[in-house]
Amino acid sequence: MPLDEALGIAPYQQSSEELVRLGCLLSVMMPYAQASEVLRQWSGLSVSASSLWNWVQQVGQRAEAALAKALDAQASGQTMTPEPIDEVLAALPLAIGADGVMVPFRPTPKTPVGQVQWREVKVGILARLGTRVTRAGERVPQLLRRRLVAVLGTIEAFIPPLQLESTRQGVDTAPLVVWLSDGGRGFWRVYRTCFASAVAVLDFFHAASHLARATQALFGTLNSAEAQAWFRRWRHLLRHGQAYRVRQTLTQLIHLPGWSTAAFATLLQVQAYFQRHHQHTRYQTFDRLGLPLGSGMVESACKWLIQQRFKGVGMRWSEDGFNHLLLLRLAWANDRFDDLFPSVPKSLTDSSPNL
């Protein structure tokens, strides 16, 4: 049959590498049962959801082995070759950020019985920082050549893959490297370990939320006119180059007598937070450099890489099932999916010129 020939299916053969690739690609984008139905309607071939799951596990194991080999090479000190990049992109700053997102897992392998266990997946994003012009004529940052890293595990397990991807994306030759993150201490440890010479930006909205905590401690509420006025004033100063005044004021406040135990503890925590991040809250300077002031690019990556595929209604994952599909989804997001299927003719994987 013509379709069988196009998919590389020989007589009496159950599947081909081309069909496995297509099944895995659909599974990367949608639940297995839905992928099975789409594949049936498109090709007329009946491939069960369990068969798609098995294909993903097989190809995922290949991806896992390839990643382990690259990480071993990195750990042994071998020189890692950056990906080719054109001169225009190479001249742009490289932005790197990281955050975590919770995913539901099965408490017992091979059975959905029991209470859901929520585990954190650490997600990193690397992108060249370009600019675009909005309809209002404003120039705003634009992410170009995005690459993603994600690990179900500890910060220690997350650091080597992020270092590997940063090398691939030319971290050593980029004219400027920018780290963007919220206040999570674990991810700032990633910054200190891997990118200590980069310009680091603390997410402004996260910083403002700590000012809100201080406001609550000062006034006992966030809703009074006086509390709102105080909060708006100090948020404005923080945003426009006066972060040192915020730190000074918080330091003065914690030395005043009369605070309740809870209020004093909150003010002390907020003051320490801004002191710890004093180099990362220079928002007026960052704005002049054309840098993002928030970690929205990381939060967005968490949503479409992880939440969109792994947090559907009723979904609960085994560790292997999650990890193998995640590696395929990362390969797809990073434009490396077809590397997992080297025997598939390029003519079957290229995008249609009409798309």
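The values are calculated or read from the model by the stated rules, or taken from the named source; none is laboratory data. Keep in mind it's a predicted model, so treat the numbers as computed, not measured. No Cβ is skipped: glycine too gets one built from the backbone with ideal geometry, and neighbour counts run over all protein chains shown.
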Unmet criterion (only one of (1) under 14 Å from the mean Cα position of the chain (by Cα); (2) buried (at least 18 other Cβ atoms within 10 Å of the Cβ); (3) part of a strand (DSSP E or B)) for Leu129: (1)
Identity of the residue in segment 236-260, among the hydroxyl-bearing types (Ser, Thr, Tyr) and closer than 27 Å to Thr285 by Cα, that ends up nearest to the chain's Cα centre (by Cα): Tyr244
Val313 β-branched (Val, Ile, Thr) and free of Cβ contacts under 8 Å to residues at least 12 places away in the same chain: yes
Evaluation of Leu326 against (1) over 30 Å from Val113 (Cα atoms); (2) surrounded by 15 or more Cβ atoms within 10 Å (Cβ to Cβ); (3) of a type outside the set (Gly, Ala, Ser) (one fails), failing number: (1)
Among residues of segment 169-202, those that are within 19 Å of Leu129 (Cβ to Cβ) and not in a helix (DSSP H, G or I), counted: 21
Residue check for Arg192: of a type in the set (D, E, K, R) and either buried (at least 19 other Cβ atoms within 10 Å of the Cβ) or more than 26 Å from Arg282 (Cα to Cα) (or both): no
Filter result for Leu176 (buried (at least 19 other Cβ atoms within 10 Å of the Cβ), of a type outside the set (D, E, K, R) and over 19 Å from the mean Cα position of the chain (by Cα)): no
Criterion violated by Cys302 - all others in (1) buried (at least 20 other Cβ atoms within 10 Å of the Cβ); (2) out of contact with any Asp or Glu (no Cβ under 8 Å at 6 or more places or on another chain) satisfied: (2)
Selection status of Gly44, buried (at least 21 other Cβ atoms within 10 Å of the Cβ), more than 18 Å from Glu319 (Cβ to Cβ) and touching a Leu at 6+ places or on another chain (Cβ under 8 Å): no
Residue that is surrounded by the fewest Cβ atoms within 10 Å (Cβ to Cβ), among those in segment 1-35 that are at pLDDT 90 or above and of a type in the set (S, T, N, Q): Gln34
Helices (runs of 4 or more DSSP H) completely within segment 7-126 that count 3 or more residues being under 22 Å from the mean Cα position of the chain (by Cα): 17-29, 49-75
Verdict on Ala263 being in the same structural domain as Arg213 (by TED's automatic domain parsing), more than 28 Å from the chain's Cα centre (by Cα) and either among the hydrophobic types (A, V, I, L, M, F, W, C) or within 15 Å of Asp203 (Cα to Cα) (or both): yes
Cβ-Cβ under 8 Å pairs, at least 6 apart or on other chains, segment 213-241 side more than 18 Å from Tyr273 (Cα to Cα), far side surrounded by 12 or more Cβ atoms within 10 Å (Cβ to Cβ) and polar (S, T, N, Q): Leu222/Thr215; Leu222/Gln216; Leu222/Gln228; Ala227/Thr215; Ala227/Gln216; Trp230/Thr215; His240/Gln284
Failed condition for Ala200, given (1) among the small types (Gly, Ala, Ser); (2) crowded, with 20+ Cβ neighbours inside 10 Å; (3) out of contact with any His (no Cβ under 8 Å at 6 or more places or on another chain): (3)
